[in-house]
Amino acid sequence: GAVVSQHPSWVICKSGTSVKIECRSLDFQATTMFWYRQFPKQSLMLMATSNEGSKATYEQGVEKDKFLINHASLTLSTLTVTSAHPEDSSFYICSARVPWSGSSTDTQYFGPGTRLTVL
Amino acid sequence: AQSVTQLGSHVSVSEGALVLLRCNYSSSVPPYLFWYVQYPNQGLQLLLKYTSAATLVKGINGFEAEFKKSETSFHLTKPSAHMSDAAEYFCAVSGSFGNEKLTFGTGTRLTIIP
């Protein structure tokens, strides 16, 4: 099956700094990637949809200037948490959708997640 | 718009017993339905999916789920629980028109009692 990787798997940073998380599709090209956020013992909440070569689409309530998304190639999307604060501490998960399938929604593959801790 | 409700945030079953995790959905359009499993500190792995073909869907690791439109349900079952089944399970729904977002339930933590 399709493999999605994330880097780093965990990161600790100081409040006020920025952190970049990478999401890569290893064996397929993904025109669309998704970024989710998961608080402890809670479900995944979609933050934004990342489309290659265009601006990301953010969900309501997600600050686009704080969570910068770049999808510069068909295999890489990045999420940058700018001026991170302790409340940004969370588990961030990306997924990538295999393009050109007859039923595109059911081919979303998830990365292993990145745990961000902001001190 | 779509939503899913997972009944029971925690379920405990004995090893070898039947596993039943409940999911009810709400959708204004024909839905696609999914079950994902998440092990600690890991991403999500697709267990199975319903995409308007057979209503009884078989997935990996011996799991299956049945789509019941009349009950708006998509419950996940496994005849005999293994210790390795202990994990968090998420039900998710999307529309069936393609290129649509997944909406996840709140999850059910499955504990297996030796």
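Can you name the strands (runs of 3 or more DSSP E) wholly within the stretch A:25-119 that have at least 1 residues being away from chain B (no Cβ under 14 Å) and over 10 Å from the mean Cα position of the chain (by Cα)?
Details: elements: A:32-38, A:44-51, A:67-73, A:76-81, A:90-97, A:108-110, A:114-118.
Passing ranges, in order: A:67-73, A:76-81, A:114-118.
For the stretch A:35-80, give me the residue count where each residue is hydrophobic (A, V, I, L, M, F, W, C) and open to solvent by 20 Å² or more (accessible area, probe 1.4 Å).
Here the count works out to 10.
Report, by residue number, each residue of the stretch A:1-34 that is modelled with pLDDT of 90 or more, over 18 Å from B:Gln45 (Cβ atoms) and open to solvent by less than 20 Å² (accessible area, probe 1.4 Å).
A:Cys13, A:Val19, A:Ile21
When the residues of the stretch B:55-74 are filtered to those that are of a type in the set (Ser, Thr, Tyr) and assigned to a loop (DSSP other than H, G, I, E, B), which remaining residue is nearest to the other protein chains (Cβ to nearest Cβ)?
For the stretch B:55-74, the residue satisfying everything is B:Thr55.
Return the total of residues in the stretch B:51-74 being under 24 Å from B:Ser84 (Cβ atoms) and of a type in the set (Phe, Trp, Tyr).
Number of matching residues: 2.
Which residue is modelled with the highest pLDDT, if the candidates are limited to the stretch B:10-64 and must be under 30 Å from A:Trp10 (Cα atoms), surrounded by fewer than 17 Cβ atoms within 10 Å (Cβ to Cβ) and not polar (S, T, N, Q)?
Per the criteria, the residue is B:His10.
For the stretch B:75-84, does any single residue satisfy the condition of being away from chain A (no Cβ under 14 Å), of a type in the set (A, V, I, L, M) and open to solvent by less than 20 Å² (accessible area, probe 1.4 Å)?
Among the residues of the stretch B:75-84, at least one is away from chain A (no Cβ under 14 Å), of a type in the set (A, V, I, L, M) and open to solvent by less than 20 Å² (accessible area, probe 1.4 Å), which makes the answer yes.
Residue check: is B:Lys101 under 10 Å from the mean Cα position of the chain (by Cα), within 11 Å of chain A (Cβ to nearest Cβ) and of a type in the set (D, E, K, R)? Break it down into steps so the answer makes sense when it comes.
Working: under 10 Å from the mean Cα position of the chain (by Cα): no; within 11 Å of chain A (Cβ to nearest Cβ): yes; of a type in the set (D, E, K, R): yes.
Criteria not met by B:Lys101.
The values are calculated or read from the model by the stated rules, or taken from the named source; none is laboratory data. From a predicted model like this one, the values you see are computed outputs, not experimental measurements. Reconstructed Cβ throughout: ideal geometry from the backbone, glycine too, with neighbour counts over all protein chains shown. These accessible areas exclude ligands, DNA and RNA; they are computed on the full protein's heavy atoms, side chains included. Shrake-Rupley method; radii C 1.70, N 1.55, O 1.52, S 1.80 Å.
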